[in-house]
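**Q** Before I ask anything, here is the structure I am working with.
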Amino acid sequence: MDLRDFCFPVSERKVAVDDFASDEICWSDENTYLQNGYKSIVRDDKNEVISIVKDSYQIVRNETLINELLQFLAVSGEEFKIDESHSFVQNNRMRLMITFPNLTLHDSESDINLSLFLHNSYDMSEGVRFSFGAIRAICANGMIFGEILGRYYSKHTSGFSLEDFSQKLDEAKAHFPEIQQRIRMLQNMSANEELIEGVSNKISKRLADQILDEFEVNQMSQWQLLNRVTNYISHDVDKPHRARHQRSVSKLFGI
């Protein structure tokens, strides 16, 4: 995967009000009618305005963030790979997936590798964020272990640091027995109407209806239901929208 796509140059430019159309905001340095309290974030290689943000916003560049993360991973002692299956980059935000081939959970059918999801944005839609999850080898279903492992978050107005990443990775590995136990519990528990209703309300009503057409609810385990839902998210939902649904699944199934 070519990480250069993630590392395009960005800069801050002054914001001004157009003298001939005062309701329009532009980033021309030649205009002297400054709009106090705001600045623009511009993609320099294409000369494209990404966003208008408050002066308190501090740019955390994708390149800086990714390089720092890869440096931590390089000395972590863990084998890792950059995984494009759930990674994407747009002008305004990005998500990078890292998979750890040797940190493996299991269900009755497949290995499940620990993964890391790293987020950033240039439009204040979210701050620096990383969360731990997994990818199921048999079907490339991605999931987040947000309820068990939690998430790291840093606002762009307060700067960021990944200094505690090594500790977070160690904590994730230490929770493997708990996660494995939770997988076994979900395999042994029958799905129910409450979970189907949660899928309908939080993920997709159409998906919930399809599941009800395919299966008798009480003849399906909660783990089977979870994998049916994560398969839909991983293969039918556009990459920029997957994280929100994966967080919903994490809460719904307690993983």
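The values are calculated or read from the model by the stated rules, or taken from the named source; none is laboratory data. Because the structure is a prediction, the values reported are computed rather than measured. Here the Cβ positions follow ideal geometry from the backbone for every residue, glycine too, while neighbour counts run over all protein chains shown.
**Q** List every residue pair whose Cβ atoms lie under 6 Å apart, where the two residues are 6 or more positions apart in sequence or sit on different chains, the first residue falls within the stretch 70-96 and is farther than 15 Å from R129 by Cα, and the second residue, located anywhere, is hydrophobic (A, V, I, L, M, F, W, C) and part of a loop (DSSP other than H, G, I, E, B).
**A** Pairs found: L73/F80; I82/M1; E84/M1; S85/A140.
**Q** Hey, does the stretch 165-172 have a residue that's crowded, with 19+ Cβ neighbours inside 10 Å, small (G, A, S) and under 28 Å from P101 (Cα atoms)?
**A** yes
**Q** Does the stretch 45-61 include one or more residues that are free of Cβ contacts under 8 Å to residues at least 40 places away in the same chain, buried (at least 17 other Cβ atoms within 10 Å of the Cβ) and under 27 Å from N141 (Cα atoms)?
**A** no
**Q** I need the strands (runs of 3 or more DSSP E) fully contained in the stretch 36-128, keeping only those with at least 2 residues that are assigned by TED's automatic domain parsing to the domain that holds A172 and within 18 Å of the chain's Cα centre (by Cα).
**A** So the answer is 81-89, 93-106, 111-121.
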